[in-house]
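The values are calculated or read from the model by the stated rules, or taken from the named source; none is laboratory data. Keep in mind that what you see is a predicted model, and the values were worked out from it rather than measured. FYI the Cβ positions are ideal-geometry reconstructions off the backbone, even for glycines, and counts take in every protein chain you see.
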């Protein structure tokens with residue numbers, strides 16, 4: 001693939017976002033339609049969270065393999081050749097749900113949460129916005145995920161929430177838990193993690209293993225678009241979607257994922273980057289054919 005092309009990932013839906021308040025897809029049909037809109041706009045990779053499909057369950061995250069298969073099969077049918085990037089994030093040591101879902105779906109990529117973060121946010125009233133959480137990803141959790149992904153030809157997407165976690169990826173490489181080629185996501189904009197500031201990018205890029213590829217997961221409102229532009233200018237791959245932001249560059253709320261991807265494509269092209277197709281994305285990562 002030509003080096004000036006950017007791979008675009010669409011993060012289709014949030015983990016707990018209320019579909020009655022925000023335009024997030026939930027059902028397999030909604031997920032497939034939203035993915036198709038993003039695919040037509042230029043996204044070659046779909047980052048997939050799956051919500052509980054049982055009526056009355058409030059659409060909480062699901063780790064039922066049948067739910068994951070229904071959503072991913074619908075997306076694959078709607079988007080020929082698309083790359084599926086499956087979520088794996090769970091709190092606590094039990095990772096049997098994510099492993100069972102990956103076994104069933106056989107995604108092309110999967111999130112590899114690379115380190116632990118105190119997940120915090122303060123409210124304007126001087127109290128916690130939610131009870132403080134620990135998103136725990138110790139080595140004892142990373143290791144079985146790594147082993148499973150490499151054994152199943154699933155490309156790990158090393159998600160890094162803070163600068164020390166970015167640096168840890170090369171330590172994983174040194175002990176054999178990460179193998180080249182390595183793909184890294186800088187998660188920027190979580191209140192207790194790395195800020196959504198473009199000035200951080202050159203420093204972060206300098207800390208990744210030689211030959212690694214990278215993208216930015218930009219969480220927030222207007223500030224995310226400056227970060228996307230910096231990522232495009234510096235040669236990174238790009239990601240946007242209703243998991244990460246609800247806002248277009250002009251401050252208006254995005255009606256759907258397709259509109260966010262359309263704006264990101266404009267940013268990439270303004271920076272001299274063309275957009276990679278799903279086939280080019282597979283070639284870029286050395287993935288199996290769909």
Out of 288, 269, sole residue that is at pLDDT below 95 and either surrounded by fewer than 20 Cβ atoms within 10 Å (Cβ to Cβ) or under 20 Å from residue 196 (Cβ atoms) (or both): 288
For the stretch 260-290, what are the residues that are touching a residue at least 60 places away in the same chain (Cβ under 8 Å), over 20 Å from residue 35 (Cβ atoms) and in contact with a helix residue (DSSP H, G or I) (Cβ under 7 Å, 6 or more places away or on another chain)? 273
Working only within the stretch 130-146, note down all residues that are free of Cβ contacts under 8 Å to residues at least 40 places away in the same chain and either over 21 Å from residue 87 (Cβ atoms) or in a loop (DSSP other than H, G, I, E, B) (or both). 130, 131, 132, 137, 138
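For every residue, the table says whether it meets (1) free of Cβ contacts under 8 Å to residues at least 40 places away in the same chain; (2) closer than 23 Å to residue 177 by Cα; (3) out of contact with any helix residue (DSSP H, G or I) (no Cβ under 9 Å at 6 or more places or on another chain).
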position	(1), (2), (3)
100	yes, yes, no
118	no, no, yes
154	no, yes, no
163	no, yes, no
Looking at the stretch 237-259, I want the residues that are on the phi > 0 side of the Ramachandran plot and have a partner that is surrounded by fewer than 19 Cβ atoms within 10 Å (Cβ to Cβ) and not in a loop (DSSP other than H, G, I, E, B) with Cβ atoms under 7 Å, at least 6 apart or on another chain. Which pairs are those? none
For the stretch 208-215, indicate whether the set of residues that are over 21 Å from residue 238 (Cβ atoms) and touching a strand residue (DSSP E or B) at 6+ places or on another chain (Cβ under 7 Å) is non-empty. no
Filtering the stretch 31-69 down to residues that are more than 28 Å from residue 238 (Cβ to Cβ) and touching a residue at least 40 places away in the same chain (Cβ under 8 Å) yields 60, 65
Within the stretch 51-61, residues being closer than 24 Å to residue 142 by Cα and touching a strand residue (DSSP E or B) at 6+ places or on another chain (Cβ under 6 Å) number 0
For the stretch 204-231, give me each residue that is closer than 25 Å to residue 23 by Cβ and in contact with a helix residue (DSSP H, G or I) (Cβ under 6 Å, 6 or more places away or on another chain). 216, 218, 226, 227, 228, 229
Take residue 204 and tell me if it is surrounded by 23 or more Cβ atoms within 10 Å (Cβ to Cβ), more than 14 Å from the chain's Cα centre (by Cα), closer than 24 Å to residue 10 by Cα and touching a residue at least 12 places away in the same chain (Cβ under 8 Å). no
Just to be sure before I move on: is residue 196 crowded, with 20+ Cβ neighbours inside 10 Å, at pLDDT 95 or above and either out of contact with any helix residue (DSSP H, G or I) (no Cβ under 8 Å at 6 or more places or on another chain) or in a loop (DSSP other than H, G, I, E, B) (or both) in the structure I sent? yes
